[in-house]
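The values are calculated or read from the model by the stated rules, or taken from the named source; none is laboratory data. Worth saying up front: this structure is predicted, and the values here are computed from it rather than measured. Cβ: placed from backbone, ideal geometry, glycine included. Neighbour counts: every protein chain shown.
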Amino acid sequence: MIAVVGGGPAGLMAAEVLSAAGMRVEVFDAMPSVGRKFLLAGRGGLNLTHSEAMDRFLSRYGARRREVGAWLAEFGPQQLRDWAQGLGVETFVGSSGRVFPREMKAAPLLRAWLHRLRAAGVLFHARHRWLGWDDDGALRFDTRAGESKVGADATVLALGGGSWARLGSDGAWVPLLLARGVTVQPLRPANCGFDVAWSEHLRQHFAGAPVKSVSAAFVAPDGSRIERNGEFLITEHGVEGSLIYALSAPLRDCIEASGSATLQLDLAPGRTLQRLTDDLAHPRGRDSLSNHLRRRAGIDGVKAALLHEFAEPADLASPAQLAAIIKALPLRLVSPRPLDEAISSAGGVDFAALDDKLMLRDLPGTFCAGEMLDWEAPTGGYLLTACFASGRAAARGVLRWLDQARPTTPR
């Protein structure tokens, strides 16, 4: 029997590949039902993958491009779309290049998938929280009926990262692997919001306000510049949203290294600095500065509040200075939001602890997949695609290992 511990996309894909190969597979999950975080990800429209060119797609995995690329070479974005089609779920490419199911939701896909897995003989055990191994190597589980022990010929661990503990990704597996000598990099927030030291005025009047049609640039300590367009949300504690998530990895790393990170916000990305300067140079007449900004630069509401929050009085003294600060408003981020609030997590099982089959070198027969491995990616379908692909890679690793371990009959 092959045990799959964790019922997210990586674990379910591993179960599918193994059952299709004729293996008896049982899936164990701590939650009352599988796929809880997957369902939440699809609540606002399931972004399954992305349609961009493969080289650019692979660049989204940063330092782990080589490792993740090996998984995607076998099961990439198009293979994922074909797989969904095989479940009766048609997909389409949105205007941003992101790929969604026609129905937009995760639930129809998950229902069809679980039906197929059960028809293939996969058994599911809910409310089974993994506790590690006993002295004889059996898997230990905490269940409503007490502790249960399960022997397995091989195990796939697909326990997720450390974000959204209420949905099962709580990182409780980290000390269990550390106790067995497995190198695990600390779990850190990814695709996360950040704390900002707002004034009480801005916090009280603008928490919850979206900041739309802006550009954000970050200059890393090595001098490299990253720039994205989009929108974000003011929160009571700081900022969050798609534009912030897209830059969260280098921002987080900078804060860890130097204590803070500064984003440069362009509040008028549709205008060049010269044009904005010329527009603001028009005589104000009896207009207040607020009306002048609104009429000449389109700056009002939350954008005006941000401008007054961070601009010095001298920045407002001349059209040139005012235009310059509008085009590069410094937003200082002091810390990432807690791990449990993040969409995903960085860190996890070090790749040096794994062989090319995704098997733990020090624990033969135990394989790892999904977000519990030390890689990260931005939102946009990249996380899900790699989770699916890693589950498939781990399952194929199990089959290779079992085949190599099987004794040969002498002729």
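Structure values in brief
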{"item": "Residue in the stretch 141-154 that is among the hydrophobic types (A, V, I, L, M, F, W, C), closer than 23 Å to residue 398 by Cα, surrounded by fewer than 14 Cβ atoms within 10 Å (Cβ to Cβ) and over 23 Å from the mean Cα position of the chain (by Cα) present", "result": "no"}
{"item": "Condition check for residue 326: closer than 20 Å to residue 206 by Cβ and either in contact with a Phe, Trp or Tyr (Cβ under 6 Å, 6 or more places away or on another chain) or part of a helix (DSSP H, G or I) (or both)", "result": "yes"}
{"item": "Boolean, residue 152 is part of a loop (DSSP other than H, G, I, E, B), closer than 25 Å to residue 29 by Cβ and among the hydrophobic types (A, V, I, L, M, F, W, C)", "result": "yes"}
{"item": "Unmet requirement for residue 162, which otherwise passes all of (1) in the same structural domain as residue 126 (by TED's automatic domain parsing); (2) touching a helix residue (DSSP H, G or I) at 6+ places or on another chain (Cβ under 9 Å); (3) assigned to a strand (DSSP E or B)", "result": "(3)"}
{"item": "Selected residue (only one of 114, 123, 48 is within 21 Å of residue 242 (Cα to Cα) and assigned by TED's automatic domain parsing to the domain that holds residue 152)", "result": "48"}
{"item": "Matching residues in the stretch 183-195 - criterion: being in contact with a Ser or Thr (Cβ under 9 Å, 6 or more places away or on another chain) and either part of a loop (DSSP other than H, G, I, E, B) or not small (Gly, Ala, Ser) (or both)", "result": "187, 188, 189, 191, 192, 193, 194, 195"}
{"item": "Per-region count, the stretch 17-51, residues aliphatic (A, V, I, L, M) and in contact with a Pro (Cβ under 7 Å, 6 or more places away or on another chain)", "result": "2"}
{"item": "Residues satisfying the stated conditions in the stretch 316-365, i.e. free of Cβ contacts under 8 Å to residues at least 40 places away in the same chain and at positive phi", "result": "358"}
{"item": "Qualifying position, being within 31 Å of the chain's Cα centre (by Cα), more than 29 Å from residue 281 (Cβ to Cβ) and in a loop (DSSP other than H, G, I, E, B), among 379, 385", "result": "379"}
{"item": "Any hit, the stretch 352-370, residues being part of a helix (DSSP H, G or I) and surrounded by fewer than 20 Cβ atoms within 10 Å (Cβ to Cβ)", "result": "yes"}
{"item": "Selection within the stretch 75-96 - in a helix (DSSP H, G or I) and within 21 Å of the chain's Cα centre (by Cα)", "result": "77, 78, 79, 80, 81, 84"}
{"item": "Residue within the stretch 88-97 that is of a type in the set (Asp, Glu) and touching a residue at least 24 places away in the same chain (Cβ under 8 Å) present", "result": "no"}
{"item": "The stretch 21-44, residues that are surrounded by 15 or more Cβ atoms within 10 Å (Cβ to Cβ) and closer than 25 Å to residue 91 by Cα", "result": "34, 35, 36, 37, 38, 39, 41, 42"}
{"item": "Selection status of residue 306, touching a residue at least 60 places away in the same chain (Cβ under 8 Å), in a strand (DSSP E or B) and not charged (D, E, K, R)", "result": "no"}
{"item": "Output for the stretch 201-235, where each listed residue is buried (at least 18 other Cβ atoms within 10 Å of the Cβ) and in contact with a Phe, Trp or Tyr (Cβ under 6 Å, 6 or more places away or on another chain)", "result": "211, 234"}
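A quick yes/no check of all residues on (1) of a type in the set (S, T, N, Q); (2) in contact with a Ser or Thr (Cβ under 9 Å, 6 or more places away or on another chain); (3) not assigned by TED's automatic domain parsing to the domain that holds residue 258:
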| site | (1), (2), (3) |
| --- | --- |
| 322 | no, yes, no |
| 326 | no, no, no |
| 329 | no, no, no |
| 349 | no, yes, yes |
| 355 | no, no, yes |
| 359 | no, yes, yes |
